[in-house]
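Enquirer: Just passing along the structure, written as structure tokens.
The values are calculated or read from the model by the stated rules, or taken from the named source; none is laboratory data. In this text, all values refer to a predicted model and were calculated from it rather than measured experimentally. Neighbour counts run over all protein chains shown; Cβ positions are idealised from the backbone, glycine included.
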Amino acid sequence: MRPDDTIRCSFCGRTQDQVRKMIAGAGNNNVYICDECIELCSEILEEELKARMKGRALRWPIYVS
Ligand SMILES: [Zn+2]
């Protein structure tokens with residue numbers, strides 16, 4: 001396997017060997033997200049939605065690091 005064949009999470013840069021699951025983005029852009037980032041994002045979304053219900057303004061985009 002050539003080095004550039006390694007699938008990496010586009011968010012955290014982990015390789016497919018470092019995570020349990022890697023999900024490919026739409027199209028053929030070699031965009032991937034790993035299960036750990038999905039978990040992190042869903043936590044952030046949950047927090048944001050809670051904040052929204054309290055009337056706090058949302059900030060976009062959300063930066064994870
Ligand atoms: Zn990731």
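Enquirer: Take the stretch 19-46 and flag every residue that is over 10 Å from the mean Cα position of the chain (by Cα), more than 9 Å from the ligand (Cβ to nearest atom) and farther than 17 Å from Trp60 by Cα.
Expert: Within the stretch 19-46, Arg20, Lys21, Ala24, Gly25, Ala26, Gly27, Asn28, Asn29, Asn30, Val31 qualify.
For (1) assigned to a helix (DSSP H, G or I); (2) in contact with a helix residue (DSSP H, G or I) (Cβ under 6 Å, 6 or more places away or on another chain); (3) polar (S, T, N, Q); (4) at pLDDT below 90, each residue gets a yes or a no:
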position	(1), (2), (3), (4)
Ser10	no, no, yes, no
Arg20	no, yes, no, no
Asn29	no, no, yes, yes
Cys37	yes, no, no, no
Cys41	yes, no, no, no
Gly55	no, no, no, yes
Pro61	no, no, no, yes
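Enquirer: Same structure, new question: Going by the structure shown, is Arg14 exposed (fewer than 10 other Cβ atoms within 10 Å of the Cβ) and either within 15 Å of the ligand (Cβ to nearest atom) or at pLDDT 90 or above (or both)?
Expert: When the stated conditions are applied, Arg14 does not pass them.
Enquirer: Further, regarding this structure: Would you check which residues across the stretch 32-52 are among the charged types (D, E, K, R), within 21 Å of Arg8 (Cβ to Cβ) and in contact (Cβ under 8 Å) with a residue 12 or more places away in the chain and list them?
Expert: Hits for the stretch 32-52 are Asp35, Glu36.
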